[in-house]
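Input: a single structure, listed below in structure tokens.
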């Protein structure tokens, strides 16, 4: 399926909807335990990563903590 | 208040702008902005707000200037090493613009002192380097209904968003809880390219100025991210979260507390 990930086209071998937790593994997302996932504009609950699925055409953003400032 | 001849000259390039004009410049002179952190982000913020004639600027930081700060904390100079950052910053700000009132707070923000500190200001800017402070600033500003600018930097990346409590998503709408300690590289351990806080801090200062002027569109409901290596800006639309622990439909955070777990991430400074 084809997705938009962080603003760029991306594709994964799966054709059927996959849980977000699996997507994180497939895309080798860094800091999986702490990343915030936005799916089609909605921020997902961390507890929903297994339940929520991505399907062809979805828009996914991975948002990271940025703690610096000095 | 009438602008003096000297003020008309000093702020002439502002006054020429139809979005500012004499009226807008007076708004800036009557404006009150609190900058939390006098470091990488705080430096350009304080320099530009002082130059712009924001009449009352508060600056909070408990740290002293260290030689390793000077690669990016451009408000401090080599002779300032060892000096309290807020004093060093105040001297530079007043050297640029002697007519300002600069209030210094030589302290770290905490659940005890932050509400009193922000109460006197129109707009707050987060220029801190640890999650405890970033979440505390968010919570204090949301509870007090104070607009503020979030800013974060790391290595070559930065992010910023403006929060208008009640109207736009807050930091916790995106990141409900701080990360556990010791898992996210921050500040002194991970490094930062010196020009990065210049970019992000200047964006944050721009938001404060626009807020005071009531001009343009604020960076609300959009997380702006910047990568200096790829020289790419991105805007990620974010929505207010109904489940947000502080500004959602059923908030679980109703009073300020220090995020002790996150507090040690940077040992608040060193």
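The values are calculated or read from the model by the stated rules, or taken from the named source; none is laboratory data. These numbers come from a predicted model, not from an experiment. Cβ coordinates were reconstructed from backbone atoms using ideal geometry, including for glycine residues, and neighbour counts include every protein chain displayed.
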Output for region B:1-18, where each listed residue is surrounded by 10 or more Cβ atoms within 10 Å (Cβ to Cβ) and touching a helix residue (DSSP H, G or I) at 6+ places or on another chain (Cβ under 8 Å): B:3, B:7, B:8, B:11, B:14, B:15, B:17
Any chance residue B:83 is in contact with a strand residue (DSSP E or B) (Cβ under 7 Å, 6 or more places away or on another chain) and buried (at least 19 other Cβ atoms within 10 Å of the Cβ): no
Residue selected from region A:53-66 under the condition in contact with a strand residue (DSSP E or B) (Cβ under 6 Å, 6 or more places away or on another chain) and free of Cβ contacts under 8 Å to residues at least 40 places away in the same chain, by the criterion surrounded by the fewest Cβ atoms within 10 Å (Cβ to Cβ): A:53
Among the residues listed as A:29, A:35, the single one being touching a strand residue (DSSP E or B) at 6+ places or on another chain (Cβ under 6 Å), at pLDDT below 95 and away from chain B (no Cβ under 14 Å): A:29
Unique residue being more than 14 Å from every other protein chain (Cβ to nearest Cβ), under 21 Å from residue B:216 (Cβ atoms) and either modelled with pLDDT under 95 or outside any helix (DSSP H, G or I) (or both) when the list is B:49, B:29, B:17, B:3: B:17
One residue from B:146, B:164 being modelled with pLDDT of 95 or more, out of contact with any helix residue (DSSP H, G or I) (no Cβ under 8 Å at 6 or more places or on another chain) and surrounded by fewer than 21 Cβ atoms within 10 Å (Cβ to Cβ): B:164
Residue ID - nearest to residue B:147 (Cα to Cα), chosen from residues in region B:185-197 that are surrounded by 20 or more Cβ atoms within 10 Å (Cβ to Cβ) and either more than 9 Å from chain A (Cβ to nearest Cβ) or modelled with pLDDT of 95 or more (or both): B:197
Failed condition for residue B:169, given (1) over 23 Å from residue B:47 (Cα atoms); (2) touching a helix residue (DSSP H, G or I) at 6+ places or on another chain (Cβ under 9 Å); (3) surrounded by 21 or more Cβ atoms within 10 Å (Cβ to Cβ): (2)
Qualifying residue in region A:50-69 (condition: within 14 Å of chain B (Cβ to nearest Cβ) and over 26 Å from residue B:226 (Cβ atoms)): yes
Residue pairs meeting the criteria (Cβ under 8 Å; at least 6 apart or on separate chains; first loosely packed, with under 13 Cβ neighbours inside 10 Å, in region A:25-52; second in a helix (DSSP H, G or I)): A:50/A:20; A:50/A:21
Any hit, region B:115-127, residues being more than 23 Å from residue B:215 (Cβ to Cβ), within 12 Å of another protein chain (Cβ to nearest Cβ) and in contact with a helix residue (DSSP H, G or I) (Cβ under 6 Å, 6 or more places away or on another chain): no
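Conditions (1) assigned to a loop (DSSP other than H, G, I, E, B); (2) at pLDDT 95 or above; (3) in contact with a strand residue (DSSP E or B) (Cβ under 8 Å, 6 or more places away or on another chain); (4) crowded, with 19+ Cβ neighbours inside 10 Å, marked per residue:
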position: B:151; (1), (2), (3), (4): no, yes, yes, yes
position: B:176; (1), (2), (3), (4): yes, no, no, yes
position: B:183; (1), (2), (3), (4): yes, no, no, no
position: B:229; (1), (2), (3), (4): yes, yes, no, no
Subset of region B:200-223 [more than 14 Å from residue B:149 (Cα to Cα) and either modelled with pLDDT under 95 or assigned to a helix (DSSP H, G or I) (or both)]: B:213
